[in-house]
Each structure stands twice: as C-alpha cells, then as structure tokens.
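Presented below is the structure to which this report refers.
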Amino acid sequence: MESAISSPLSTSSHLLPSPSRSLLGSRSQSFPSLQNLRHPSFKSRCFFGVPFRSRQTQPIRCQSSNQQPAKDDGFVIEDVPHLTDFLSNLPSYPNPLKQSQAYAVVKQTFVSTDDVVAQKVVVQKDDPRGVHFRRAGPREKVYFKSDEVRACIVTCGGLCPGINTVIREIVCGLNYMYGVEDILGIEGGYRGFYSKNTLRLTPKVVNDIHKRGGTFLRTSRGGHDTNKIVDNIQDRGINQVYIIGGDGTQKGAALIYKEVEKRGLQVAVAGIPKTIDNDIAVIDKSFGFDTAVEEAQRAINAAHVEVESVENGVGIVKLMGRYSGFIALYATLASRDVVRILAPLPRMSTYL
C-alpha cells in the first residue's frame, strides 16, 4: 500500500517529512533510510530519495569550553537539503512567529540550529555517539517573506485517514501563524499541475474538511512529468510546494527537488509521508495509524464472535502493515481477544 503525517512542514529545506517544522524556512530533521529502528525484524521505510551530500555524513567533533579540539566521539549528523546549498546568497528574515501573541509567552519558541535528535536513545558508555538528525521546529530566521509566498498543496496516490486534516493544518498554519494568504490546491495529483485547474485555499474554505473522508483535493496515481510540473511551478510563481503521498509520490518529490536545484529556483519542496503502517523512521506516529488500529479492532471483534459460535473455532484476521506489524500489534493490545500474532515478513496477521 502506498501511504502516511504532519501538520505544517518547514519549507526552507527541499524535502522535509515531518509535521513540526517551520513553515517558512530553516533546516530540520529528515527521514533517511533506517532499518531496525523500532524492532530487530521490522524495516522502516524511507520516503526520500535525495542523496545526502558529503558534508552530511562527516563526523562533527565536539569542542571543549576552551575551544580545544576534543577527541573524535563518533558524532555523525544526517543532514537535509536546503535552499542555501545552491543559493548561497539567499537573504534571511525574522520569523513571523516573533510577532505572534500566542508565542510571545513561550520562553523558547525557536529551535536552535545545533539541536539534533539521536537515532539511538539507549547507548553504552564507551559506544560512539552515532547518527543524529536535525531537530524539527521553527527557526529564528526564515527564507521567505510572508507576502511573497505562493504555496501549493497536492495529494497523490492512495487514500489514508487524516489527509484532509493535514491539508487543513497546512493552510491554517501558513495563514494564521506566518501570515501567508496565497495558497493554491492542486487538484487530481501530480497531473493536476499541468492538466487541472487550481483551487484557492483559505482557512474558511478548509474549515470543516477534516470531518470528511478521502482527500478534498482529489488524487490520482502516476502522471508525474518532472519538467512539466516544474515548468508549471515556475510559470505560476509558486515558491513553496507541499506534497502529501507515499513511496512513489516522495520519489517524485525528490525528482522535483533535483530539477528545482538544477534550474536554481527559490522553491522549497516539503514531502509529507502518508502511511497508515506507522513504519516511518524517527517520527513517533504517522497520521492515519490510530484510525487503522481502531478499524482493525472491529474486524477482530467480528471474528471473535464467529469463533465463539462454533466448536474449535479459529479466526484469522489479516491486517495491513507492509514490512512492519504495528497495526496488528496495537490492535491486539487494544482488543485483548487475540491469542497469537503471526508475523511472517513482509506482512503480519492476527491469529485468534
């Protein structure tokens, strides 16, 4: 299943897969390919195909208080692409959140550029510090002026619970938090960039879409033509692109980023992973997962009723999960009627 996240994402990086990032710019954490993050036998998916530059895998050595070089402690940071990687003279501006009354009462509103998140939480005393990722969150400086932003949102691939909520939060976050008023909805997936009309999105337009199923912007599979899409982005004057989708969609987003970089455009591309499987490395939970667990419980309960109605009854409920079994695991913990979980990779089934 192509599927999975976030609330508004930062757009100063080109591909950002997490909902807690600054909407108008700054570096933040990415989701590189990680295995065995949650469980030794589970694979976590990587939605981004953007190759990391050499600087991204070089150990960063800590400095002591007297600025003397410390010994190499194995600290490595997996960085994310950023507009300033190919637009070195790009000006920065104060984050609009500084003017927000809601954030004025918060002592530490912004995330430091030095804040990172460790891949491994538990390590041994003499182990190297290991791989780290940029921490998500708003930065003090952004790379777009609010009144110059023209953002667009597109949904691609299969459906997933919560897509409309993500669309709504991006629109409301951009508008209320960052003062962005020019937001477009691309209808019908990737091909909508060059074959469909766009929809003007405002907080009023998206006010109640989170109560509906499916995707407010409609979707489609395929239709990705990198040159046509970037031509359309350039012609319309779009400088922030939010792409909601699964594996194939995010591979397409990576191609868009590469073309944007090739042309030297000031366009930020934010990839929002969509999967009910909850198998994205680093993030705590993907959107749609809770709904999937809830629906799985209904199936388990129905099977349990059938099983109790016959002698020596056995019920088997097969659930989605791709290379992980989090839906089956959490549904089992919630229902308490399951005797055993069978997990032959790549799928996991629930055995009553």
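The values are calculated or read from the model by the stated rules, or taken from the named source; none is laboratory data. Predicted, not measured: the structure shown is a model, and the values here were computed from it. Every residue, glycine among them, receives a Cβ derived from its backbone with ideal geometry; neighbour counts consider all protein chains shown. What goes into the accessible areas is simple: the full protein's heavy atoms, side chains included, and nothing from ligands, DNA or RNA. Shrake-Rupley method; radii C 1.70, N 1.55, O 1.52, S 1.80 Å.
Exactly one of (1) out of contact with any Pro (no Cβ under 7 Å at 6 or more places or on another chain); (2) surrounded by fewer than 20 Cβ atoms within 10 Å (Cβ to Cβ) is unmet by G179. Its number?
(1)
Against the definition (among the small types (G, A, S) and either on the phi > 0 side of the Ramachandran plot or surrounded by 18 or more Cβ atoms within 10 Å (Cβ to Cβ) (or both)), how does S146 come out, yes or no?
Criteria met by S146.
What are the pairs, 6+ residues apart or on separate chains, where a residue within the range 207-235 that is surrounded by fewer than 18 Cβ atoms within 10 Å (Cβ to Cβ) has its Cβ under 6 Å from a residue that is in a loop (DSSP other than H, G, I, E, B) and among the aliphatic types (A, V, I, L, M)?
The qualifying pairs are G214/L159.
Within the range 312-325, identify whether any single residue is of a type outside the set (V, I, T), outside any loop (DSSP other than H, G, I, E, B) and farther than 21 Å from D279 by Cα, and answer yes or no.
no
Do the conditions hold for V111, that is, is it modelled with pLDDT of 85 or more and assigned to a strand (DSSP E or B)?
no
Which of the residues that make up the range 289-327 are under 30 Å from D79 (Cβ atoms) and either at pLDDT below 90 or open to solvent by 20 Å² or more (accessible area, probe 1.4 Å) (or both)?
R322, Y323, S324, F326
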